[in-house]
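The values are calculated or read from the model by the stated rules, or taken from the named source; none is laboratory data. Quick caveat, the model's predicted, so the values are computed rather than measured. Every residue, glycine as well, gets a Cβ built from its backbone with ideal geometry; the counts of neighbours run over all protein chains shown. Ligands, DNA and RNA are excluded from the accessible area calculation, which covers all protein heavy atoms including side chains. Shrake-Rupley method; radii C 1.70, N 1.55, O 1.52, S 1.80 Å.
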Amino acid sequence: MSRDPEFRPHRVVVLALDGLLPFELGIPHRIFGRPKDAGRRHLYEVVTCSIRPPGPVQTDADFAVHVEHGPEALATADTVIVPASYELGPVFEQGVLTEELAAALAHIRPGTRLASICTGVYVLAAAGYLDGRPATTHWADADRLQRLFPRIEVDPDVLFIDDGDVLTSAGVAAGIDLCLHMVRRDHGTAIANEVARRTVVPPHRDGGQAQYIHRPVPDPQQATTTSARAWALGRLHEPIQLRDMAEQEAMSVRTFTRRFREEVGVSPGQWLTQQRVERARHLLESTGLSVDQVARDAGFGTAQSMRQHLQAALGVTPTGYRRTFRTSGDTDGRSPSRA
């Protein structure tokens, strides 16, 4: 393995607050602790800190965790992640930081990437990081977040929101989706997919929170749209019309569209575009196909159409994406890709 004196893994600092959920605290360590470059070097270093000197932090379970680092660790972070806590006190109730929490957050350097899992978003909101930005949280807390912080554009339907240097996720397991997305953004789909496989989770979940919100139980005799989605995934390179998908389920277009949105959380057209973007990303990373051929194989038809869709979804052109991620194994991981 070659030694690069300039190499430094991207440092992720996880802020552990009293009342934290152990599952959510472990998500960043599991996801960011796995990625390695071609030289088998870890691309991330994950550190946990509290707002007090090193010591125990109480969880929402019947045990505490001993945290080795105090708030000073936040000053060393390239990315700061705030998991959920059930003991946020005035942060959750009034939307204001405690003096202790405000002093800890003051250690964060300008330009540091910030992320929250579930109700950890209240910390970012109370600190003013989300003013004028889109954000999400657990669907059960979305209305409260919007009332408490009217300057935030709360979207209760998505699994996570990437607003560049500030990212927020929905509840609990959506933290996995968010962390995998950050790995994918930093180092490409191949590395993110490998982390997902080792974690035994899907690399990308369809739809948003809408599919998890409790609604009246549907008639068990009603058809679903699963077969239509499987049919479409097998022919992304072909033109696919909404009526073609509806026919796979023997439904009218109107009924199919309504059922699809109920199950997946987005429209059939939006879902198809998402799948084609993911297909294009995979081909750009893993093959030497021309941009024109990738566009055809992914179902965009022309390079111009694919360029427009990738620019809208990722903020980067196909050529720029390939240049960044075709050699992602050689990256030093010091800073996230800013497409």
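One table, with the values for the structure above:
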| item | result |
| --- | --- |
| Folded to 0 to 90 degrees: helix 189-199 orientation relative to the chain principal axis, Cα | 70 |
| Protection-proxy order for peptides 89-101, 266-278, 27-39, 7-19, each taking the mean of Cβ atoms within 10 Å per residue, highest first | 7-19, 27-39, 266-278, 89-101 |
| Amide N of region 145-171 lying under 14 Å from the label point, which is placed 7 angstrom from the Cα of residue 205 along Cα→Cβ | 157-161, 169-171 |
| Full-extension gain in nm, residue 7 to residue 242, via 0.36 nm per residue minus C-alpha separation | 79.7 nm |
| Extension gain from residue 93 to residue 253, taking 0.36 nm per residue of separation minus the Cα-Cα distance | 53.1 nm |
| Once the Cα gyration tensor of region 8-119 is diagonalised, semi-axes √(5λ) in Å | 24, 16, 12 |
| Principal axis dimensions, region 216-327 - Cα atoms, whole angstrom, descending | 49, 25, 20 |
| Acute angle (nearest 10 degrees) that the helix 268-286 long axis makes with the longest principal axis of the chain, alpha-carbon atoms | 80 |
| Beta bridges by DSSP in the chain, antiparallel share as percent, to the nearest 5 | 30 |
| Mean Cβ count within 10 Å, highest first, over the residues of peptides 115-127, 240-252 | 115-127, 240-252 |
| Label of the coordinate-derived value, semi-axes √(5λ) of the Cα gyration tensor in Å, listed as (1) 36, 23, 21; (2) 47, 27, 18; (3) 35, 27, 17 | (3) |
| Estimated 222 nm signal from helices in the chain, with DSSP H stretches of n ≥ 4 weighted -39500 (n - 2.57), rounded to 500 | -11500 deg cm²/dmol |
| Relative contact order for region 216-327, counting Cα pairs under 8 Å that sit 6 or more residues apart, in percent | 22 |
| Carbon and sulfur %, accessible surface of region 216-327 computed with the full protein complex present, 1.4 Å | 49 |
| Relative packing of peptides 47-58, 153-164 - highest average C-beta neighbours within 10 Å first | 153-164, 47-58 |
| Mean separation of Cα contacts under 8 Å, 6 or more apart, over the residue count of the chain: relative contact order % | 16 |
| Rounded to 10°, Cα long-axis angle of helix 303-314 versus longest principal axis of the chain | 30 |
| Between region 164-204 and region 34-102, the Cα center-to-center distance that results, in Å | 19 |
